[in-house]
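The values are calculated or read from the model by the stated rules, or taken from the named source; none is laboratory data. None of the values given here were measured: they were computed from a predicted structure. When we count neighbours, we look across all protein chains shown, and the Cβ atoms used for this are built from the backbone with ideal geometry, even at glycine.
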């Protein structure tokens with residue numbers, strides 16, 4: 001039953017979208033668009049034109065990220081786990097592979113391109129992810145029941 005205090009509240013203030021400014025929502029959408037364009041240029045061609053015996057694990061995984069980024073254009077907050085995944089895997093790669101390879105001076109031929117793309121993501125994602133929203137909705141919010 002609604003309380004008397006709810007009478008003046010706008011529907012937007014009760015929705016999760018009301019927790020995040022419109023500008024931040026557009027920044028998130030721009031980030032999803034960047035994923036669509038960037039991954040689309042790098043990942044989509046190999047999905048359709050590859051050697052018959054290619055493993056395709058990386059292309060398939062990043063193709064999944066590419067597809068899900070389209071949903072992020074419409075639902076930027078609901079798809080935040082996609083951006084958090086991007087931040088997590090790129091940070092893991094940087095710490096456990098990129099920096100050690102660079103420090104040892106033993107880098108694969110694709111290192112420079114990989115390093116630039118991954119560092120860009122490690123810098124960008126923490127800037128665009130609304131961490132207050134993440135904290136309120138993923139940390140403070142009660143977990144789903146177990147049974």
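Going residue by residue through the range 92-115, is there one that turns out to be within 18 Å of residue 31 (Cβ to Cβ), under 20 Å from the mean Cα position of the chain (by Cα) and part of a helix (DSSP H, G or I)? Looking through the range 92-115, none of the residues is within 18 Å of residue 31 (Cβ to Cβ), under 20 Å from the mean Cα position of the chain (by Cα) and part of a helix (DSSP H, G or I).
Within the range 18-28, the set of residues being at pLDDT 95 or above, more than 11 Å from the chain's Cα centre (by Cα) and in a helix (DSSP H, G or I) comprises 22, 23, 24, 25, 26, 27.
Being loosely packed, with under 11 Cβ neighbours inside 10 Å, under 19 Å from residue 38 (Cβ atoms), at pLDDT 95 or above and within 12 Å of the chain's Cα centre (by Cα) is a description that applies to residue 127.
Among residues that are within 23 Å of residue 112 (Cα to Cα), surrounded by 13 or more Cβ atoms within 10 Å (Cβ to Cβ), at pLDDT 95 or above and in contact with a helix residue (DSSP H, G or I) (Cβ under 9 Å, 6 or more places away or on another chain), residue 68 is not included.
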